[in-house]
Structures are given as C-alpha cells and as structure tokens.
Amino acid sequence: MKKIGYIRVSSQGQNTARQKKALKHAGCTVFYEEKISGATMERPQLKQMIEDLQPHDEVYVHEISRLSRSTKDLLEIIDQIKEKGAGLKSLSETWLDTTSDNPMNEFLLTIFSGLVQFERKTIKQRQKEGIEIAKSEGKFKGRKTKLVEGGKEEQRMKAIIEAYKAGKSINDIRTTFKVGTGTIYRLLDREGLR
C-alpha cells in the first residue's frame with residue numbers, strides 16, 4: 001500500500017509547495033504534480049496516477065478542488081480510483097474518505113461536490129452581472145488588446161481602424177495585419193465602432 005499525493009495548481013506561476021508540504025506531513029511518499037486547469041480532464045499526471053494505482057493504495061489531495069472543478073468529473077475520477085481498488089482522502093474535507101466502505105461518505109461527497117460547483121457558478125454569475133453594470137455605465141472596456149499605443153503598434157492599430165471604416169471585412173483585416181479576430185473586436189469595441 002502506497003500513500004500517493006496528487007497536487008495541482010491552475011497555472012505555471014502558482015506554487016505547489018504548500019500542498020506538497022501538507023501531503024508529506026500526511027505520510028505521502030509518491031507524488032503526481034501538474035500545473036493545469038481543473039476544468040479539463042486532459043491532465044497527464046492525473047491519468048498516469050490512476051493508471052499506476054494498485055489495490056489498497058490511498059490517494060491524498062489537499063482539497064477536492066485539486067481533483068476537479070466539476071461535480072461530474074470529480075465523481076468520475078473517484079469512480080476510476082475505486083475501480084483500481086484504491087481509496088481517496090482529502091486533507092481539507094475530512095469527511096471525504098473512500099478508503100472504507102461507508103455509504104455516508106458517498107452521500108456527503110455528492111452533496112459537497114455539488115455545493116463546490118454551485119459556488120463556482122454563482123461567482124461567475126456575479127462576475128457577469130458586474131461586467132454588465134460596468135458596461136452600462138461605460139466603465140468596462142474588456143480585456144486590453146495586444147495592440148498598444150506608441151510606435152509601430154499604434155500605427156498598426158490606426159491602420160486596422162481605417163481599414164474597418166473603409167469597409168474591409170474582419171477576415172481581410174485579420175489576414176492583412178496578422179492579428180487575431182478577438183483583438184480586432186476588442187479594438188473596435190474600445191473605439192465604439194461595433
């Protein structure tokens with residue numbers, strides 16, 4: 001039986017040291033670590049960990065959000081771990097312990113993972129409402145374009161605006177100026193042309 005730590009952060013700039021220290025303290029000796037969004041199931045280290053699992057191994061996570069941001073994906077991952085004859089424990093959510101056959105754990109897992117997903121959707125909804133309010137007040141300009149003021153970039157920016165005003169299609173502008181569609185639309189939005 002091995003104690004295995006699964007560590008995940010969403011981006012390259014984030015540090016995994018806090019998770020690793022806590023998992024080492026819990027007795028983990030094998031670690032699978034990756035810097036990738038929890039919104040996707042395409043995670044090489046997660047797949048490798050599940051493939052390497054042996055019966056009676058125990059997988060530890062710092063918190064369930066490290067495994068997945070989606071209830072459906074989380075339950076699928078837990079099923080894959082169980083199919084290997086292994087168990088799962090969370091250090092933050094102590095109720096999550098599939099190392100013993102306890103129906104209450106299954107029930108709590110379903111409820112709490114649903115709450116995690118609900119919370120994320122609520123945050124996104126509030127963010128969307130905030131953006132709509134800011135837009136209506138003229139305070140929201142969206143993500144900045146890659147085209148910046150000053151030098152050649154400013155000349156490019158002005159040329160794109162002129163091309164659009166002259167009736168060129170977005171596709172033509174994109175090809176001519178070698179710039180992404182999103183960047184063009186953000187520029188046009190910022191200039192009040194769309």
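Listing for the model above:
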| read-out | value |
| --- | --- |
| Most mobile of Asn102, Asn15, Asn171 in a GNM of the chain (Cα contacts under 10 Å) | Asn171 |
| For the chain, calculated [θ]222 nm from helices alone, where every DSSP H run of n ≥ 4 adds -39500 (n - 2.57) | -16500 deg cm²/dmol |
| Label point at Lys72 placed 7 Å out along Cα→Cβ; residues across region 30-58 whose backbone nitrogen lies under 19 Å | 37-43 |
| Among Thr110, Thr181, Thr71: highest mean-square fluctuation, GNM of the chain, C-alpha pairs under 10 Å | Thr181 |
| Simple spin-label estimate for Glu106 and Val30 in nanometres, 7 Å along Cα-Cβ | 2.6 |
| Kirkwood-Stokes translational diffusion coefficient of region 151-190, alpha-carbon pairs, 37 °C, 0.692 mPa s, µm²/s | 330 |
| Inter-label distance, nm, simple model (7 Å from Cα along the C-beta direction), Glu154/Lys82 | 6.3 |
| Cα-based helix-to-principal-axis angle, 71-83 vs the chain, degrees rounded to 10 | 40 |
| Set of lysines with alpha-carbon distance to Lys168 below 16 Å, sequence-local pairs under 8 removed | Lys158, Lys178 |
| Neighbour-count ranking [beta-carbon atoms within 10 angstrom, fewest first] of His25, His56 | His25, His56 |
| Listed residues Met104, Met41, Met49, most fluctuating in the chain (Gaussian network, C-alpha, under 10 Å) | Met104 |
| Cross-link pairs beyond the 22 Å C-alpha cut-off, checked among Lys21/Lys82; Lys72/Lys128; Lys2/Lys84; Lys3/Lys82; Lys47/Lys128; Lys35/Lys139 | Lys21/Lys82; Lys72/Lys128; Lys47/Lys128; Lys35/Lys139 |
| Degrees between helix 103-136 axis and first principal axis of the chain (Cα, 0 to 90, nearest 10) | 10 |
| Per-residue Cβ neighbour rank within 10 angstrom, fewest leading, Tyr164, Tyr185 | Tyr185, Tyr164 |
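A short reminder: the numbers here are calculations on the coordinates, not readings from a lab. This is a predicted model, so every value here is computed, not measured. When we count neighbours, we look across all protein chains shown, and the Cβ atoms used for this are built from the backbone with ideal geometry, even at glycine.
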